[in-house]
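Below is one structure, written out as structure tokens; the observations come after it.
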Amino acid sequence: MSKYTVDERGYYGQFGGAYIPEMLYPNVEELRQNYLSIIESADFKKEFDLLLRTYVGRPTPLYFANRLSEKYKTKIYLKREDLCHTGAHKVNNTIGQILLAKRLGKQKIIAETGAGQHGVATATVCALMGMECIVYMGKVDMERQKPNVERMRILGTKVVPALSGSMTLKDATNEAMRHWINNPTDTHYIIGSVVGPHPYPDMVARFQSVISAEIKSQLQSEIGNPFPDYVFACVGGGSNAAGAFYHYLNDEHVTLVGVEAAGKGVDSGESAATTALGKIGVLHGSKMLLMQTLDGQVVEPHSISAGLDYPGIGPMHAHLFDVGRVKFVSATDDESMNAGIELSRHEGIIPAIESAHALAALKQFEFAEDDVVVVNLSGRGDKDLETYIRWGKY
Ligand SMILES: *Cc1c(COP(=O)(O)O)cnc(C)c1O
């Protein structure tokens with residue numbers, strides 16, 4: 001379709017593929033053979049669109065941020081993914097995947113979660129569809145993210161602690177994989193970002209692409225031109241950015257900016273700035289850019305925002321970085337917290353700290369007065385209140 005989307009072998013340039021244990025091959029292959037025909041069918045589209053509209057609350061507004069625009073002397077629009085049901089863009093993907101799972105005849109859902117946001121989005125759609133759900137979560141993460149554990153339990157999901165290794169996200173992923181290998185016929189594994197073996201990155205990007213489809217038509221009706229000058233989005237695994245960029249990838253005059261978490265500074269040893277520090281490597285089933293030691297061990301990432309605390313970026317973004325289509329920059333913990341407070345004070349919107357990274361990057365650019373700058377506000381700050389309070393400078 002485009003030099004920026006996945007090829008027929010499941011690669012984006014040199015990144016992607018399906019590096020999975022042989023035992024998992026039948027599961028992934030079933031998905032690969034069926035996903036496109038299912039999600040392009042009229043019947044799927046109808047149900048997906050209806051739920052996005054009546055359950056998620058789409059289209060989300062494209063809001064002209066008046067006071068922020070004045071401050072930055074340009075025209076800033078916020079794409080309000082924070083107004084989605086459950087408070088972030090992640091539900092766009094979980095709705096898509098559960099509808100797909102139903103059509104594949106699956107009765108059970110599994111997922112892994114780090115901070116719990118993807119777990120909650122998955123638990124939500126399982127309750128919606130009356131499907132059994134197990135979420136694997138590192139024991140350490142369960143202690144750190146109690147409210148999300150309880151949210152999942154209220155929704156009827158079984159949260160299983162991962163007790164191996166560092167008892168965090170990667171261990172939860174291992175447990176989920178193990179479960180999937182043992183239950184290939186009745187279970188679908190919902191991955192939460194544009195990562196994992198092919199076809200997951202492409203599938204998740206397609207579900208999230210509703211974001212840029214809406215931005216296009218909203219800008220068209222708002223200003224008579226579907227093309228902004230810039231689109232900014234934060235990048236953890238990369239799904240909200242993939243969605244915000246998707247329908248602009250071939251429009252080279254639109255500058256696309258991905259913002260990674262620089263943690264305490266890119267060179268501090270405590271960051272998640274993958275494009276600055278990463279090398280090509282394999283994690284979670286695909287070739288991507290990865291922060292790793294010289295002998296290939298994954299480096300523990302750091303970010304104040306749990307959603308950006310991931311040691312790699314998915315294959316699509318790795319490729320977009322490689323060929324220079326997307327400009328990658330980073331914002332530190334402090335810069336992002338300040339940007340979160342700035343948005344709160346200027347627009348009455350408390351953003352998720354992930355989204356605050358995208359806002360923080362505005363300071364690194366010189367905009368013209370009539371530039372149109374879209375920032376994808378991936379989520380709301382309710383879940384981050386404790387982090388704001390602990391940070392304290394407001
Ligand atoms: C999970 C999350 C992210 C990071 O994930 P991506 O796949 O990179 O989008 C960003 N913002 C919010 C609000 C999140 O919950």
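When you scan the stretch 150-161, how many residues do you find that are without any contact (Cβ under 8 Å) to a residue 40 or more places away in the chain and either out of contact with any Cys (no Cβ under 9 Å at 6 or more places or on another chain) or not in a loop (DSSP other than H, G, I, E, B) (or both)? Break it down into steps so the answer makes sense when it comes.
Quick first cut of the stretch 150-161, residues without any contact (Cβ under 8 Å) to a residue 40 or more places away in the chain only: 150-158, 160-161.
Applying the additional criterion that residues be either out of contact with any Cys (no Cβ under 9 Å at 6 or more places or on another chain) or not in a loop (DSSP other than H, G, I, E, B) (or both) yields 150-154, 158, 160-161.
Counting residues in the stretch 150-161 that are without any contact (Cβ under 8 Å) to a residue 40 or more places away in the chain and either out of contact with any Cys (no Cβ under 9 Å at 6 or more places or on another chain) or not in a loop (DSSP other than H, G, I, E, B) (or both) gives 8.
Is it the case, given these coordinates, that Asp371 is in the same structural domain as Asn225 (by TED's automatic domain parsing), under 25 Å from Ala242 (Cβ atoms) and within 16 Å of the ligand (Cβ to nearest atom)?
Details: in the same structural domain as Asn225 (by TED's automatic domain parsing): yes; under 25 Å from Ala242 (Cβ atoms): yes; within 16 Å of the ligand (Cβ to nearest atom): no.
It is false that Asp371 is in the same structural domain as Asn225 (by TED's automatic domain parsing), under 25 Å from Ala242 (Cβ atoms) and within 16 Å of the ligand (Cβ to nearest atom).
Criterion first (in contact with a Gly (Cβ under 7 Å, 6 or more places away or on another chain) and part of a helix (DSSP H, G or I)) does Ser212 satisfy it? Full working, then the answer.
Numbers: in contact with a Gly (Cβ under 7 Å, 6 or more places away or on another chain): yes; part of a helix (DSSP H, G or I): yes.
It is true that Ser212 is in contact with a Gly (Cβ under 7 Å, 6 or more places away or on another chain) and part of a helix (DSSP H, G or I).
Checking Asn225 against (1) crowded, with 19+ Cβ neighbours inside 10 Å; (2) modelled with pLDDT of 95 or more; (3) farther than 28 Å from Leu100 by Cβ, which test does it fail?
(1)
Could you please let me know if Leu362 is within 29 Å of Arg206 (Cβ to Cβ), in contact with a helix residue (DSSP H, G or I) (Cβ under 7 Å, 6 or more places away or on another chain), surrounded by fewer than 24 Cβ atoms within 10 Å (Cβ to Cβ) and modelled with pLDDT of 95 or more?
Working: within 29 Å of Arg206 (Cβ to Cβ): yes; in contact with a helix residue (DSSP H, G or I) (Cβ under 7 Å, 6 or more places away or on another chain): yes; surrounded by fewer than 24 Cβ atoms within 10 Å (Cβ to Cβ): yes; modelled with pLDDT of 95 or more: yes.
Yes; evaluated as a whole, the condition is true for this residue.
Name the residues in the stretch 50-83 that are in a helix (DSSP H, G or I) and either in contact with a Cys (Cβ under 6 Å, 6 or more places away or on another chain) or within 15 Å of the ligand (Cβ to nearest atom) (or both), would you?
Going through the stretch 50-83, the residues in a helix (DSSP H, G or I) turn out to be 50-56, 66-72, 81-83.
Residues satisfying the conditions are Val56, Glu81, Asp82, Leu83.
When you check Glu81 against the structure, is it of a type outside the set (Phe, Trp, Tyr) and over 30 Å from Gly381 (Cβ atoms), yes or no? Give the steps one after another, and end with the answer.
Numbers: of a type outside the set (Phe, Trp, Tyr): yes; over 30 Å from Gly381 (Cβ atoms): no.
For Glu81, the condition - of a type outside the set (Phe, Trp, Tyr) and over 30 Å from Gly381 (Cβ atoms) - is not met.
Please go through the stretch 160-172 and give me each residue that is buried (at least 16 other Cβ atoms within 10 Å of the Cβ) and touching a Gly at 6+ places or on another chain (Cβ under 9 Å), ordered by number. Show your work before the answer.
Applying the first criterion (buried (at least 16 other Cβ atoms within 10 Å of the Cβ)) to the stretch 160-172 yields 160-162, 167-172.
Selection gives Pro161, Ala162, Met167, Thr168, Leu169, Lys170, Asp171, Ala172.
Matching residues to (1) under 21 Å from the mean Cα position of the chain (by Cα); (2) assigned to a helix (DSSP H, G or I); (3) not basic (Lys, Arg):
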{"site": "Ser37", "(1), (2), (3)": "no, yes, yes"}
{"site": "Asp43", "(1), (2), (3)": "no, yes, yes"}
{"site": "Phe48", "(1), (2), (3)": "yes, yes, yes"}
{"site": "Ile98", "(1), (2), (3)": "yes, yes, yes"}
{"site": "Lys102", "(1), (2), (3)": "no, yes, no"}
{"site": "Gly119", "(1), (2), (3)": "yes, yes, yes"}
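For the stretch 8-31, enumerate the residues that are over 25 Å from Ile110 (Cα atoms) and surrounded by 13 or more Cβ atoms within 10 Å (Cβ to Cβ). Break it down into steps so the answer makes sense when it comes.
Taking the stretch 8-31 first, the residues over 25 Å from Ile110 (Cα atoms) are 8-9, 11-15.
The answer is Tyr11, Tyr12, Gly13, Phe15.
Under 7 Å between Cβ atoms, which residue pairs at least 6 apart in sequence (or on different chains) link something in the stretch 175-204 that is outside any loop (DSSP other than H, G, I, E, B) with a partner that is surrounded by 20 or more Cβ atoms within 10 Å (Cβ to Cβ) and acidic (Asp, Glu)?
Here the result reads Ala176/Glu112, each pair linking the stretch 175-204 to a residue that is surrounded by 20 or more Cβ atoms within 10 Å (Cβ to Cβ) and acidic (Asp, Glu).
Being over 20 Å from the mean Cα position of the chain (by Cα) and buried (at least 19 other Cβ atoms within 10 Å of the Cβ) narrows it down to one residue among Ile134, Ile109; which is it? So that I can check it myself, show each step before the final result.
Working: Ile109 fails: over 20 Å from the mean Cα position of the chain (by Cα).
One residue alone meets the criteria, Ile134.
Out of curiosity, is Ala101 more than 22 Å from Gly236 (Cα to Cα), in contact with a His (Cβ under 7 Å, 6 or more places away or on another chain) and crowded, with 17+ Cβ neighbours inside 10 Å? Step through it out loud before you land on a result.
Values: more than 22 Å from Gly236 (Cα to Cα): yes; in contact with a His (Cβ under 7 Å, 6 or more places away or on another chain): yes; crowded, with 17+ Cβ neighbours inside 10 Å: yes.
Taking the combined requirement at face value, the residue satisfies it.
Filter the stretch 216-234 down to residues that are within 20 Å of His357 (Cα to Cα), aliphatic (A, V, I, L, M) and not in a strand (DSSP E or B), then give me how many there are.
0
The values are calculated or read from the model by the stated rules, or taken from the named source; none is laboratory data. Predicted, not measured: the structure shown is a model, and the values here were computed from it. Using ideal geometry, Cβ is built from the backbone for each residue, glycine included, and neighbour counts are taken over all protein chains shown.
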